[in-house]
Amino acid sequence: MLDKTELKKIIQNVPLLPMSVTTIINELNKEKIELKKLEKIIAKDPFLTGRLLASANSPFYGFSGQVNSLNEACMVLGVHSIRNIVLTAGIVENLPAERLCHFNSEEFWHHSLGTAISASVIAKKTNHDSEAAFTAGLLHDIGKLILDIHFNEMFGQVIEYRDKHNCLLIEAEQHVLGVTHADIGALVSLRWKLPKIIINVINQYHKPSDGEEDVIVDIVHVASIISRCLEIGDPGDSVTPMLNEKSLKRLNFTINNLGDAFHDIEILYEKSLSLIST
Amino acid sequence: MKEKLTITLAEVKLGDTIASDITDNIGNCIVSEGIVLDDKLLTGLLKRDIDNLEVFRNKQLSEEEKQNKIAELTSQVDSRFHNMKDVPIMQKLKKIVVQYRIQGIE
């Protein structure tokens with residue numbers, strides 16, 4: 001079991017988000033956003049510029065191969081998507097694949113993308129914010145990567161427990177560590193000053209009815225289960241978590257609606273793979 | 001069921017999914033992996049000097065292969081829901097998942 005002091009110490013050792021990401025997010029948080037100034041800041045970071053260009057050219061945004069400059073990319077993507085892509089890129093940079101011991105980074109991000117796409121499809125079908133749902137879906141499980149990188153040895157014991165009991169990863173974490181990836185993901189997200197909506201999702205998506213009612217939490221809860229049902233990527237275990245009926249009700253969604261959404265999700269997922277390619 | 005094929009441009013069918021990035025002769029990506037080929041894209045590709053490309057295409061299975069696949073996937077889905085045998089909503093979800101995935105095989 002992890003004691004509170006040890007937990008606090010490890011969390012404080014998780015690096016902050018890159019300075020360029022923080023600067024861009026601060027700029028995007030201003031009431032009046034100056035696009036020219038924003039472009040100048042982004043242009044100083046070749047990695048982020050590349051991510052934005054690649055995203056703008058992905059089939060997901062419908063402009064495959066037609067966006068040639070950062071200026072065009074910013075126009076195509078818009079402020080919401082720029083914020084989401086920059087934030088996600090910064091987080092991916094902070095949780096590098098080569099430092100993972102138990103997770104396969106590619107499979108992990110495939111599950112996350114599957115959840116993001118599912119969340120975006122459900123949000124559109126239920127008239128909610130699909131951009132917010134997409135980003136929250138993409139980042140919902142980052143606590144698992146933080147555990148793998150920063151709590152490495154103890155996470156090995158979690159994996160052993162999961163394999164022995166064929167249970168959910170979160171159950172194994174609770175048993176071995178006394179905390180879960182949801183708790184740790186939320187603590188680090190607070191340190192990274194992520195938007196409240198994302199912190200809520202990371203912390204609550206496993207048990208939406210226990211938290212304050214938040215529609216994006218409900219959406220990501222359902223989306224994560226869909227991504228598992230469609231076997232997109234690897235969420236870290238091979239058991240399906242309990243679907244919360246209250247979440248479905250709050251979304252005015254039925255089990256049959258889920259089945260109807262499967263095809264749309266798979267098509268959109270195939271079109272979106274370039275969003276997570278390196 | 002999709003299989004990965006390396007084919008010439010003449011063999012490409014609408015609905016094939018690009019399996020790896022298509023680049024021009026100086027290495028610039030002109031079509032990214034994951035894109036589903038439609039009329040417009042195919043017309044664009046035909047104007048370029050492209051030899052082979054990799055695509056994902058639905059595989060035609062024999063009746064026996066189909067039955068084996070269905071049995072395999074049913075057992076896979078069963079194992080993913082093994083802890084939810086007495087939960088009606090999860091059993092309903094399992095049924096929908098199996099039905100959807102069998103459609104994919106057929």
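The values are calculated or read from the model by the stated rules, or taken from the named source; none is laboratory data. Quick caveat: nothing in here was measured; it's all calculated off a predicted structure. In this analysis, Cβ positions are derived from the backbone assuming ideal geometry, glycine residues included, and neighbour counts consider all displayed protein chains. These accessible areas exclude ligands, DNA and RNA; they are computed on the full protein's heavy atoms, side chains included. Shrake-Rupley method; radii C 1.70, N 1.55, O 1.52, S 1.80 Å.
Values computed for the structure shown
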{"item": "Partner chain coverage, peptide B:11-22 - average Cβ within 10 angstrom", "result": "1"}
{"item": "Chain A pair-distance distribution - Cα-Cα, 5 Å bins, rounded %", "result": "1, 6, 13, 17, 19, 17, 13, 9, 4, 1, 0, 0"}
{"item": "Dipole of the stretch A:178-278, positive end: most advanced residue of A:258, A:239, A:222 [Cβ charges, Cα centre]", "result": "A:222"}
{"item": "Estimated buried accessible area (total), pair B and A, 1.4 Å, Å² to nearest 100", "result": "2300 Å²"}
{"item": "Relative contact order, percent, chain A [alpha-carbon distance under 8 Å, six or more residues apart]", "result": "22 percent"}
{"item": "Sum of -39500 (n - 2.57) over DSSP H runs of 4+, divided by residues of chain A (222 nm, nearest 500)", "result": "-21000 deg cm²/dmol"}
{"item": "Heavy atoms of residue B:21: accessible area, 1.4 Å probe, square angstrom to 10", "result": "80 Å²"}
{"item": "Probe 1.4 Å - accessible area at residue A:9, Å² to nearest ten", "result": "140 Å²"}
{"item": "Principal-axis tilt of helix B:88-105 within chain B, Cα atoms, nearest 10 degrees", "result": "40 degrees"}
{"item": "For q = 0.13, 0.15, 0.17 Å⁻¹, Debye-computed log10 I/I(0) when each Cα of the stretch A:57-190 counts as one equal scatterer", "result": "-0.65, -0.82, -0.98"}
{"item": "Expected-Rg normalisation [2.2 N^0.38 Å, Cα atoms] applied to chain B", "result": "1.47"}
{"item": "Percentage relative contact order, the stretch A:1-142, counting C-alpha pairs under 8 Å, at least six apart", "result": "19 percent"}
{"item": "The stretch A:1-98 - Rg (one decimal) and Dmax (whole number), Cα, Å", "result": "16.1, 53"}
{"item": "Residue mean of other protein chain beta carbons inside 10 Å, A:237-243", "result": "5"}
{"item": "Carbon and sulfur %, accessible surface of chain B computed with the full protein complex present, 1.4 Å", "result": "47 percent"}
